[in-house]
Amino acid sequence: MHDAGKVTIGLVIFLALVSAPFWYNLSSGRASYTPEVEYPKDAESCVRDSAYMAAHHMDLLDEWRDQVIRDGQRFEETPDGGRRECSLTNTCLGCHVSKEKFCDRCHLYMGVEPYCWECHIIPEEL
Amino acid sequence: MSIDRRKFLTLSGLSALGLAGAPAVRVFGQDTTDVAQDTTPAEPAQPEQPRAPLVAQRWAMVIDINKCVAAEGCRDCALACHKVHNVPDFDNPKDEVKWIWKESFEHAFHDQEHAHQSEKLRHATLPVLCNHCDDPPCTRVCPTESTWKRESDGLVMMDWHRCIGCRYCVAACPYGSRSFNWRDPRPHIDEINKSYPTRTRGVVEKCTFCDERLARGQMPACVEACKEKAMIFGDLEDPESEVRQVLRETFTIRRKPGLGTHPEIYYIV
């Protein structure tokens, strides 16, 4: 152990440099950032329970579009016996009125960019 | 009790890992707890007033050319259709997209044309649209089943999600009823109907006999818009329906019947 001192100093400098991004993110608060989405104010629940929606809303949308276009089933029953249209713009964005403050905020963070809006209308942008 | 190099490196490696892992655990851990807490009871959704859908075994249409001739220059049917379906208007026949439009008798029925055709027909323009053929050539050539004949009521449907823009159907349709979007349609739509999607560059589109309106108990937009009542829409399989009644009593022709596509739009000349 001839150069213990020098090796230790070197290691400390090395570690400081390598972990710098972590320190930076920790101190700037960015590491714990999660997107703040805006929920509908006048509704308490989604079209399915929210844990399912968080994980599987894209599957539900796929189901809906096949059901509407290929099977001609445009409506589904609601638990209270009413009916709801299975529509991306009319239903989802009818309740989540700001796509930008809801869908986009989460998608941006997750790095997802659905192409649906090339055709489906975003009412808030008109 | 001195610490050897191996132990020192192992320990410092582990502590570095710990530092790196903490923020990650915080981010992802928080996400899951949020979800787990979301168990608010369901609020009853506002029930909308449902209208019974219009159903048929075989939808068909009869168009009375005489009434179109009487209302010379009228394009109400086309305007109404293109408005509700967000059909773009390119001032340019090369890029044109259309679901229903007015055509001269000569063009629509060129196999009926001759040099001494009646004055009326020589100057007539009449609406043409997808014929919703009984044996549609377009659906056969579609490689993705993006267009198909709906067995329940005979509509020739479009699934824009599947269309890959190969344009085989455009080539196969003998009536020119299909349009390809060569350019982005959005900037060419005057007033967007929020409740119906547009299409995008690279897909084919056409009339669907307003399947979205039938499902809501409404007549097709063109039929509803026609003040002359020149368009009669109904069930060909129902002997009591208005279309059947008119077909029984009046001489009617169809476009290019010789091709064997069995078009389901009939014209009173």
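Filtering the stretch A:57-97 to residues that are in contact (Cβ under 8 Å) with a residue 40 or more places away in the chain and β-branched (Val, Ile, Thr) leaves A:91, A:97.
Look through the stretch A:113-126, keep the residues that are modelled with pLDDT of 95 or more and not in a helix (DSSP H, G or I), and return whichever of them is farthest from residue B:86 (Cα to Cα). Ranking the candidates gives A:113 first.
Take the residues of the stretch B:190-217 that are open to solvent by 20 Å² or more (accessible area, probe 1.4 Å) and over 16 Å from the mean Cα position of the chain (by Cα): which is farthest from the other protein chains (Cβ to nearest Cβ)? Residue satisfying both the conditions and the ranking: B:190.
If you take just the helices (runs of 4 or more DSSP H) that sit entirely in the stretch B:92-175, which of them hold at least 1 residues that are open to solvent by less than 30 Å² (accessible area, probe 1.4 Å) and in contact (Cβ under 8 Å) with a residue 40 or more places away in the chain?
Numbers: elements: B:105-108, B:119-123, B:137-141, B:168-172.
Because the criterion is at least 1 residues that are open to solvent by less than 30 Å² (accessible area, probe 1.4 Å) and in contact (Cβ under 8 Å) with a residue 40 or more places away in the chain, the helices (runs of 4 or more DSSP H) in the stretch B:92-175 that meet it are B:105-108, B:119-123, B:137-141.
Within the stretch A:4-17, residues that are within 15 Å of residue B:13 (Cβ to Cβ) sit with their Cβ atoms under 8 Å from residues that are of a type in the set (Gly, Ala, Ser) and at pLDDT below 95, at 6+ positions apart or across chains, in these pairs: A:11/B:12; A:15/B:12; A:15/B:16. Mind checking which residues of the stretch B:176-187 are open to solvent by 20 Å² or more (accessible area, probe 1.4 Å) and assigned to a loop (DSSP other than H, G, I, E, B)? B:176, B:182, B:183, B:184, listed by residue number. Every condition in (1) within 30 Å of residue A:57 (Cβ to Cβ); (2) modelled with pLDDT of 95 or more holds for residue B:28 except the one numbered (2).
The values are calculated or read from the model by the stated rules, or taken from the named source; none is laboratory data. These figures come from a predicted structure and were not determined experimentally. Here Cβ is always computed from backbone atoms with ideal geometry, including for glycine, and neighbour counts include all displayed protein chains. For the accessible areas, the whole protein counts, side chains as well, though only heavy atoms, and no ligand, DNA or RNA atoms are used. Shrake-Rupley method; radii C 1.70, N 1.55, O 1.52, S 1.80 Å.
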